[in-house]
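Read the structure below first, then the notes.
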Amino acid sequence: MSDNRNVKIRVRNLSKVFGNQPKKALELRDQGLKRPEILEKTGQTLGLSNIDFDVHEGELLVIMGLSGSGKSTLIRCLNRLIEPSEGEIVIDGENIPELGEKALLECRRRHFSMVFQNFALFPHRTVQQNTEFGLEVRGIDKEERERVARESLKQVGLDGWEDAFPNQLSGGMQQRVGLARALANDASVLLMDEAFSALDPLIRGDMQQELLELQNRMQKTTVFITHDLDEALTIGDRIVLLKDGEVVQIGTPEEILTKPADDYVRRFIEGVDKSRILTAESAMRKVRSTVRDSDGPRTALRKMREHSIDSIYITGRDRHLVGLITAEAASQALEQGKEKVTDAMTHDFRSVGPAEPLHNLFAMFHDNSFPIAIVDESERLLGVVVKGAVLDELAQAAETPQTTDESEATAPAGEA
């Protein structure tokens with residue numbers, strides 16, 4: 001899937017070896033050996049191997065995998081909390097592994113804020129003071145940091161809680177403070193490492209939705225780490241799926257579900273309610289024919305007859321959706337001497353955007369038999385969805401291909 005947004009972070013050939021002989025481990029890797037063999041021969045752990053991906057401006061990229069897959073190592077390599085063994089991490093033209101200590105510190109301050117799983121709040125500081133902490137370290141004057149902190153707390157729904165202490169807050173509220181602190185630093189990239197994993201399921205779901213709402217408002221470039229597939233599918237613009245320190249697949253949630261790269265990915269998606277992830281775009285079909293808003297009912301009847309359909313959408317300039325006319329309405333309009341299809345059109349149809357979850361479309365078909373119009377943000381007609389296409393798309397998604405290697409049929413021990 002192409003993305004027209006600028007690349008914010010470019011990662012190429014990134015590898016990390018844990019041990020004192022990284023060069024030897026990488027040489028064995030280049031000879032084709034995998035993590036277990038390298039560990040056995042050298043005692044070195046290949047944490048990451050030849051990682052390549054981009055993060056686009058304003059994207060929420062999810063990096064996911066089971067325990068031991070390398071996802072937390074990867075996010076810490078991005079800001080060099082962990083030193084990479086080789087590779088490039090380029091942000092706005094700066095190659096982070098090549099930066100000296102002073103330049104690295106400045107790069108971190110300018111580009112990276114982190115939100116951790118354990119909240120990392122100071123118990124003796126108020127919500128306001130916790131939120132100000134990063135600004136205080138940077139030497140921002142008191143009046144300015146108080147203003148910025150209050151605005152950040154408002155962004156995450158905590159205005160009015162400035163004077164409370166962490167032990168007076170629920171887990172979800174404490175995580176909001178952590179998020180507000182990261183936003184207050186105004187870094188260009190937000191790194192979130194298992195940020196919602198410590199929350200109970202209901203609060204976790206609420207935080208996921210709040211993150212999406214915040215993302216819609218702020219368009220903050222975000223890298224989010226999780227081991228939870230449902231979470232990744234819910235919040236991610238794209239997903240980088242890791243296994244044993246290597247990238248298995250990169251794609252949108254829909255691409256992961258409908259085009260799994262291998263049996264490992266297929267096992268990941270087993271049991272997922274695909275109707276809640278697949279979108280209208282996946283079932284969208286090209287419009288067979290439309291009429292212009294300046295056309296007459298006779299033109300509409302002719303086009304419906306040519307394409308064996310009993311209703312047709314009416315579009316204006318630049319394919320802007322105007323309405324729909326049925327064969328019956330067009331015939332009556334012709335008998336009554338009406339000159340334009342707009343004189344007999346109806347708005348009794350449904351239109352949705354291409355990102356509308358597929359499961360939402362079922363109830364829409366109960367109202368009438370018209371194809372559902374798929375429109376863009378400017379209400380231009382992109383295509384249509386018919387009920388059969390929805391059923392077909394879900395039927396295909398429900399098919400679970402048989403794994404080709406029985407040894408790959410279950411997740412590795414210890415990685416649940």
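The values are calculated or read from the model by the stated rules, or taken from the named source; none is laboratory data. None of the values given here were measured: they were computed from a predicted structure. Glycine gets a Cβ as well: all are built from the backbone with ideal geometry, and neighbour counts include every protein chain shown.
Some points to look at:
- The condition of being at pLDDT below 90, surrounded by 13 or more Cβ atoms within 10 Å (Cβ to Cβ), in contact with an Asp or Glu (Cβ under 7 Å, 6 or more places away or on another chain) and not basic (K, R) holds for only one of L121, L153, that being L153.
- Qualifying residues in region 18-61 (those that are among the β-branched types (V, I, T) and modelled with pLDDT under 95) - the one farthest from V248 (Cα to Cα): T42
- Residue match in region 212-233 (condition: touching a Pro at 6+ places or on another chain (Cβ under 9 Å) and under 30 Å from V17 (Cα atoms)): yes
- Annotation note: Cβ proximity below 9 Å between a residue of region 23-38 that is at positive phi and without any contact (Cβ under 8 Å) to a residue 60 or more places away in the chain and a residue that is β-branched (V, I, T) and surrounded by 17 or more Cβ atoms within 10 Å (Cβ to Cβ) (sequence gap 6+ or interchain) occurs for no pair.
- Residue within region 158-180 that is without any contact (Cβ under 8 Å) to a residue 12 or more places away in the chain, outside any loop (DSSP other than H, G, I, E, B) and within 29 Å of the chain's Cα centre (by Cα) present: no
- For region 29-40, the criterion of a residue being hydrophobic (A, V, I, L, M, F, W, C), assigned to a helix (DSSP H, G or I), more than 26 Å from L214 (Cα to Cα) and in contact with a helix residue (DSSP H, G or I) (Cβ under 8 Å, 6 or more places away or on another chain) is satisfied by at least one position.
- For G68: the one exception among (1) at negative phi; (2) of a type outside the set (A, V, I, L, M, F, W, C); (3) out of contact with any strand residue (DSSP E or B) (no Cβ under 6 Å at 6 or more places or on another chain): (1)
- Just one of (1) crowded, with 19+ Cβ neighbours inside 10 Å; (2) aliphatic (A, V, I, L, M); (3) at pLDDT below 85 fails for V189. It is (3).
- Only helices (runs of 4 or more DSSP H) whose full extent lies in region 245-329 are considered here, and the ones with at least 2 residues that are touching a residue at least 40 places away in the same chain (Cβ under 8 Å) and touching a strand residue (DSSP E or B) at 6+ places or on another chain (Cβ under 7 Å) are 280-283, 297-306.
- The residue that is surrounded by the most Cβ atoms within 10 Å (Cβ to Cβ), among those in region 65-100 that are in a loop (DSSP other than H, G, I, E, B) and charged (D, E, K, R), is R80.
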